[in-house]
1. Looking for whichever is in the same structural domain as A:Ala104 (by TED's automatic domain parsing) and touching a Leu at 6+ places or on another chain (Cβ under 7 Å) here; the options are A:Leu264, A:Leu243. Which one fits?
2. Does at least one position in segment B:191-200 carry a residue that is touching a residue at least 60 places away in the same chain (Cβ under 8 Å), touching a Phe, Trp or Tyr at 6+ places or on another chain (Cβ under 7 Å) and under 22 Å from B:Thr278 (Cβ atoms)?
3. Is it true that A:Phe90 is of a type in the set (Phe, Trp, Tyr) and under 30 Å from B:Val110 (Cα atoms)?
4. Give A:Ser131, A:Ser186, A:Ser167 a once-over and let me know the one that is closer than 23 Å to B:Thr256 by Cα and out of contact with any His (no Cβ under 8 Å at 6 or more places or on another chain).
5. Within segment B:184-207, identify whether any single residue is more than 26 Å from the chain's Cα centre (by Cα) and not polar (S, T, N, Q), and answer yes or no.
6. Could you identify the single residue in A:Ser76, A:Ser105 that is surrounded by 13 or more Cβ atoms within 10 Å (Cβ to Cβ) and in contact with a Gly (Cβ under 6 Å, 6 or more places away or on another chain)?
7. Could you look through segment A:195-217, keep only residues that are more than 7 Å from chain B (Cβ to nearest Cβ) and hydroxyl-bearing (Ser, Thr, Tyr), and pick out the one that is farthest from the chain's Cα centre (by Cα)?
8. Would you please name the residue that is surrounded by the most Cβ atoms within 10 Å (Cβ to Cβ), looking only at residues in segment B:135-158 that are more than 19 Å from the chain's Cα centre (by Cα) and under 26 Å from A:Leu300 (Cβ atoms)?
Amino acid sequence: MTAYNYDANRDEADLLDSAEDIDLEVPLPLVRRFFDRGMTVLAIVLAIAAIIPLFSVLKEIIQRGLSGLSIHVFTSLPAAVGEANVISGFGNAIQGTMVMVSIASLVSIPLGILTAIFLAEFGQAGWLTRSIRFILTVLSGVPSIVVGVFAYALIVLNTIAGYRGFSALAGSVALMVIMLPIVALSTEEALKLVPVPQRLGSSALGGNRFDTTFRIVLPSALAGITTGCLLAVSRAAGETAPLIFTALFSQDWMTSIMDPVASLPVLIYNYASSPFAEQNAMAWTASLVLLVLVLVTNILSRIATRKRAGR
Amino acid sequence: MAKAFDPSLNAGLANDISLEIDLSSTEGEKVWLDKGFTILVGLSALASVAVLFWMSVVVAQQAWPAIQKYGAQFLWSMDWDIGQLLFGALPFIYGTIVTSMIALLIAVPVGIAVALMTSENLLPEWVKSPLAFTVELIAAIPSVIIGLWGIFVFTPVFEPVAMWLYQTFDWLIFFSTPPLGQSVLVAGIILAIMVLPTMAAISREVLLAIPAPLRSASMALGATRWETIFRVMLPTGASGILGAAVLALGRALGETMAVTMVIGNSLQISPSLLDPGTTIAANIALQFPEALDPLHIGALMYLALILFVLTLVVNVAAVFIVQFVSSKGIGG
């Protein structure tokens, strides 16, 4: 890249020859170039900073939680406070979480799917469908602690079947309210992806609304619906705020849904703020179990959605 | 043109067609089945919707004794004395707003940076998709686990930083007190981590929806990448990004567990971010399990009602902003 020296006496051929030597890449003014490079570096640094917490959380949970993991954590009850080096576990918390999430699913999944069917199949795109969808969106944004307060007022403060107080039922009701809009909205999305000609075809063959929905539309959308339900379940399994004052906690196995019951998230919360090191350690092990449960469900359902959407 | 392959567009189209044709059978043996089914799904939809109204009524009803006793003064009273049954919400409202603001201050720029990194062609595809996926995965971690990590990992790591802030900037009112570990600032940063996925994912969708010719035109005029981003991409996507920020705010206001675990729970109003504080949600979580006096429960219900209304307003605003953007179709 020799510098181009202007010479008025050169002829045209000369000019053409030397044109190859001209640096056509006109450099940007330094300010603009620095701004561009600087912003790129800044954005990359911020993006890396954004994923550090996730990896830190995963690393710490595996590091601190794995050592406490044994068969006993699934089968034993928590040891009494201050007792180190004894067999201890949180089987009752796993049981409680499973029971409450199951009861919540039993109500919210059918109700959510029926709501979605109304929105996607029967909705006359009018104000009714739009407002129902809007209200469900708002419901999904209500803080989970407010949902807990609702369940508290509804169940804990009232006498049900001769019992008044904290219960697994109250916790289930709270989780139900949290799951409902997630199931309904994601199922509606899944139903919308089923092509209309399939419905028309079913109708042309004499299928009525009921047959069309249950034999054609729902089977086609099954993968998407499952995804939505799994997401709702994984969200409910990790919820703490609505459980601490509805299901409360228990040191024992659950025997009745009208009793206070332990759950994994509440156990982690209680043991995290405990002054005893062995309870802190147990909180990490419980986090490992809960995180594996939640992340596996979540990642599986996401992969299923991606494949379905063909991305 | 390429939009014809967008499944969401097809879905919209499909929906429009189905509206015009009523597929219900009008004759035959199974008319009753169809009618019954229609009624069943209709009732289910109404029941789902009723939950929100039922919740509002129940919470308002339970808060009523406290509303009658303390009235609007509750909002700016600073007392919280369970023994004397004196209750005021100001420290909680203050803490909720301050932590949410810190969270937004961090999550908005970082979220936009992540959205740009995952939508621009700066990075190869095999870096972009996993990056977007990883950030979204943060949303799946239960908040109590983030709180546990906050107590045992983040707070100790952040302690020297807080100390440095205090020693270097103690003339600034925000850093004017010696750090004690748990603080409003730590809670704000933890909140930022939790709302980041919302911010990043929605901003990314918004940026990806901007038509390619807009950016090509800007580049063709000689603008550099970042000049294009600042003068074309971000202004075009501004309303969508605003919607993302409002949605993130809604999440930050109501987030409970992680904040409760790291904020220190002290009933003071201090301008220093290095002091411990409290939030509405944290106080509800801490005191509800032990609340026995009806007026104490009422005051907590009143707090819940305030939080409910606050998040309701913010979420409704976010829904409207996002709907406005999608109906406008971003740049045609």
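The values are calculated or read from the model by the stated rules, or taken from the named source; none is laboratory data. Everything quoted here is computed from the prediction, not taken from an experiment. FYI the Cβ positions are ideal-geometry reconstructions off the backbone, even for glycines, and counts take in every protein chain you see. Only protein heavy atoms, including side chains, enter the accessible area calculation; ligands, DNA and RNA are left aside. Shrake-Rupley method; radii C 1.70, N 1.55, O 1.52, S 1.80 Å.
1. Numbers: A:Leu243 fails: touching a Leu at 6+ places or on another chain (Cβ under 7 Å).
That would be A:Leu264, the only listed residue that is in the same structural domain as A:Ala104 (by TED's automatic domain parsing) and touching a Leu at 6+ places or on another chain (Cβ under 7 Å).
2. no
3. Details: of a type in the set (Phe, Trp, Tyr): yes; under 30 Å from B:Val110 (Cα atoms): no.
When the stated conditions are applied, A:Phe90 does not pass them.
4. Numbers: A:Ser131 fails: closer than 23 Å to B:Thr256 by Cα; A:Ser186 fails: closer than 23 Å to B:Thr256 by Cα.
Selected residue: A:Ser167, the only one of A:Ser131, A:Ser186, A:Ser167 that is closer than 23 Å to B:Thr256 by Cα and out of contact with any His (no Cβ under 8 Å at 6 or more places or on another chain).
5. If we filter segment B:184-207 for residues that are more than 26 Å from the chain's Cα centre (by Cα), which is where we start, we get none.
Checked segment B:184-207: no residue is more than 26 Å from the chain's Cα centre (by Cα) and not polar (S, T, N, Q).
6. A:Ser76
7. Quick first cut of segment A:195-217, residues more than 7 Å from chain B (Cβ to nearest Cβ) only: A:197-198, A:200-202, A:204-207, A:211, A:213-217.
If we keep only those that are hydroxyl-bearing (Ser, Thr, Tyr) too, we end up with A:202, A:213.
On the way: A:Ser202: 35, A:Thr213: 28 Å.
Of everything passing the filter in segment A:195-217, A:Ser202 is farthest from the chain's Cα centre (by Cα).
8. B:Leu148
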